[in-house]
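Taking it in order: structure first as structure tokens, then the write-up.
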Amino acid sequence: MNSADQNVIDDDINLRDLLLLLWAHKLLIMLTCGIGVIYGAYLALNADKKFTANATFMLSEKGGESKFSAINLGGDVAALAGMSGLGLSQRASVTQESFEGRNFIEKVNKKVNLEADRYFNKYNAVTQKDPFWKSKLKSLIGYQNSSTDPYQLMWHGIIKKYKENIVLDISPKQIITIKVTHESNIRASEIANSIMEMILRADKNKIINRAQDQLDYLSNALADALSELEMAQSDLKTFALENRAQPLENFVIGSLTLDELRGQLKLTISLYNAISEVKKILQKKSIDENDYLNLSKGFPIVDKVEFRRILGQSEIISSWAWPEKRIVQTVLDTLIERKKRQQLIIRESQKKAERSSDELKVYAKLKRKEKISEATYKVLIEQVKTQSMSLGYKPDTSVIYEKSSPPVYPSEPRRKIYIIYGFLSGLLIGSLLSIWFSLLNKVYYSKHSIMVNVKAKFAANARSLIRLRSKSLYDLKNTMKQKPIPILRDLSMEIHKNPSSFVVVSSLNTKLKSVELARLLASFMQIDIMKIAIIDFSRKAKVSINIDVSDTVGAFCIIENDDKVSLLQLKSDQNPIDFISQRDFFDDIDHLNKTFDLIILCADNNDSLSLTRAIQLKDVFHILLTRVKHSKVKMVSQILDIKSVQGLLHV
């Protein structure tokens, strides 16, 4: 078995022992529980009564929310259009946060006069003074009290009492419940209703003020928009007076004219280039048809009417004739002059087009500003109209689910809770006392714990033997013959396995004494034709006065005999337990081996410890009688330290 399994077993054993320990002291625990219940009932009957009044309501769902949306307004106006105020859950959270603030508590005080309520205001300037002995002691040691404003001390107590007795709860559906606890049911109801009315009125005023603020903001924004619109229209009028009225049309006309002039310049340049090439060809010595083909291929304008006309040629393509050099030179000069003139005109037109473009930009900016101002003005004026109408009609959508009425039954003291607490306290105290008593007594509370500690080879329950303890040796012999007892049979078998002729029986606070077990065991074992001697070394051993001196064995005499079983005691008047301390003790015990086959030595309680010490060096079969809740752990441990136990019987 590994260490983890062993730890689990030990934990189980401890828990079982603890439960058995508590069960062993059940009467004590029942007594403490009863006392606890009685004390709890006494407190419940004599505690001051307190009443809790509830007021349940819900704030207005609208909360001053605006129904308008931002329609591409931008900036502050867009924020205003989406300005819906706080939602229901947010307003409820704000209410809960401010509920315990001093400002709100002071308003409640003005409404219900908490200062005059002795339940909330327990401040008394007289009781705050130090007693004579304390003030004298402080003066001797030079200690000075810090001066505190009595008014602040009073309010400190009121606020503390307020937070303890007035609670605001908010459900997931934003339903608000105010709970007020007071020693007067009427006063509790009055305070709850007053606080509810204050919260509803404050919330309604906030909604109205928020709507009024929205209207004021819209009005100011509308005035600004109107001013901007008038300014835009004035700027546009000034522009129309200082410039041409139609800048867009002028810009378009100028652009078209400029394009046309650029086209004419391009045609002039093409004609000039083609005629320059003709001039080069005419300077050749010989001109053929290929020169014309190359000319028309390089300059397609050669085959156009404009080229033929400028050279005075026939417009028919097939009727080409090379012009004279003089004409070509004249045309080139003309084209050069035309090109210069067209370039000059284009520059002038371009400047006019740029001026028209600048005017158009200014005009478009002013026009756009006018349209934006006009649109803003129209939207704002509609919102101002609607907001004015909504401000004039504000439906109250708050709901009061339950107005507080004076409670009939007190909320405190809760008698069942007092009784339960009393019972649990009694249970706890009884359990602690049981554990404390068990630590003082240090006894075993389970057979299992005894077996684990003793570790005997043979263990059995001997409770059934108690009914036979008062019988004589003769009656016991007859009983064993008629109905043998299994426990004695098994124990006899273990004794026979041991070569020693001595058996020691120790009894620790059990109902069955050691000598009684020895009588039972000897009565059973005599069936094996064994002569058995029993000697009781206990201080309370039964002593026989009428002794037959002739019937002796060594230092002992037989006080009871039946067939092969003999009960011995000392011939002298010496106490049996004192005999074991004598020097001749072992010699006298060994002398009995000449007469008896088996010798059983018995002792009870503390005497068993002395007997165990006496036979420590002797080979014996040791039997230990134990009893749950009576046999002490310390005694068993001392016996085991001296001599191991082979047989364990629970009685």
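The values are calculated or read from the model by the stated rules, or taken from the named source; none is laboratory data. Just so it is clear, the model here is predicted, and its values are computed rather than measured. Don't worry about glycine lacking a Cβ; one is built from the backbone with ideal geometry, like all the others, and counts go over all protein chains shown. Just the protein is used for accessible areas: all its heavy atoms, side chains included, with ligands, DNA and RNA removed. Shrake-Rupley method; radii C 1.70, N 1.55, O 1.52, S 1.80 Å.
Can you tell me how many residues in segment 401-424 are assigned to a loop (DSSP other than H, G, I, E, B) and open to solvent by less than 90 Å² (accessible area, probe 1.4 Å)?
From segment 401-424, those assigned to a loop (DSSP other than H, G, I, E, B) are 403-411, 413-414; that's our starting set.
Restricting the remaining residues to those that are open to solvent by less than 90 Å² (accessible area, probe 1.4 Å) gives 404-407, 410-411, 413.
So the count comes out to 7.
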Check segment 560-582 and report whether any residue there is over 24 Å from LEU488 (Cβ atoms), touching a helix residue (DSSP H, G or I) at 6+ places or on another chain (Cβ under 6 Å) and of a type in the set (Gly, Ala, Ser).
no
Quick check on LYS279: is it over 30 Å from SER357 (Cβ atoms), open to solvent by 40 Å² or more (accessible area, probe 1.4 Å) and in contact with a Leu (Cβ under 6 Å, 6 or more places away or on another chain)?
no
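When segment 539-555 is examined, which residues are found to be under 20 Å from ASP604 (Cα atoms) and either open to solvent by 50 Å² or more (accessible area, probe 1.4 Å) or at pLDDT 85 or above (or both)? Give the steps one after another, and end with the answer.
Kept after step one, since they are under 20 Å from ASP604 (Cα atoms), are these residues of segment 539-555: 539-544.
Hits for segment 539-555 are ARG539, LYS540, LYS542, VAL543.
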Kindly indicate which of ALA188, ALA211, ALA221 is closer than 19 Å to GLU402 by Cα, open to solvent by less than 30 Å² (accessible area, probe 1.4 Å) and more than 32 Å from the chain's Cα centre (by Cα).
ALA188
Specify which of the listed residues (ILE400, ILE419) is touching a Phe, Trp or Tyr at 6+ places or on another chain (Cβ under 8 Å) and of a type in the set (A, V, I, L, M, F, W, C).
ILE400
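Mind listing just one residue for me: the one in segment 563-588 that is part of a loop (DSSP other than H, G, I, E, B) and touching a residue at least 40 places away in the same chain (Cβ under 8 Å) and, of those, most open to solvent (accessible area, probe 1.4 Å)? Don't jump to the end; show me each part of the working.
Pass one, segment 563-588, residues part of a loop (DSSP other than H, G, I, E, B): 563-564, 571-575, 580-584.
Within this subset, residues satisfying the condition of being touching a residue at least 40 places away in the same chain (Cβ under 8 Å) are 563, 580.
Numbers: ASP563: 94, ILE580: 25 Å².
Restricting to residues being part of a loop (DSSP other than H, G, I, E, B) and touching a residue at least 40 places away in the same chain (Cβ under 8 Å), the top hit is ASP563.
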Within the set of pairs 6 or more residues apart or between chains, which connect a residue that is touching a residue at least 12 places away in the same chain (Cβ under 8 Å) and assigned to a helix (DSSP H, G or I) inside segment 271-288 to a residue that is of a type in the set (Asp, Glu) and open to solvent by 80 Å² or more (accessible area, probe 1.4 Å) with Cβ atoms less than 9 Å apart?
LEU271/GLU306; LEU282/GLU324
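Hey, can you tell me all the residues within segment 594-640 that are in a loop (DSSP other than H, G, I, E, B), of a type in the set (Lys, Arg) and under 16 Å from SER449 (Cβ atoms)? Quick ask: steps written out before the conclusion?
Kept after step one, since they are in a loop (DSSP other than H, G, I, E, B), are these residues of segment 594-640: 595-597, 605, 615-620, 627-631.
Still in the list and also of a type in the set (Lys, Arg): 618, 627, 629.
Within segment 594-640, ARG627, LYS629 meet the criteria.
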How many residues of segment 425-435 are over 23 Å from LEU45 (Cβ atoms) and open to solvent by 80 Å² or more (accessible area, probe 1.4 Å)? The answer is 1
Looking at (1) surrounded by fewer than 17 Cβ atoms within 10 Å (Cβ to Cβ); (2) in a helix (DSSP H, G or I); (3) not acidic (Asp, Glu), which is the only condition VAL167 fails?
(2)
Checked pairs for segment 185-210, first more than 14 Å from VAL112 (Cβ to Cβ), second buried (at least 18 other Cβ atoms within 10 Å of the Cβ) and among the charged types (D, E, K, R), C-beta under 8 Å and 6 or more apart or across chains, list as ASP203/ARG91; LYS206/ARG91; ILE207/LYS62
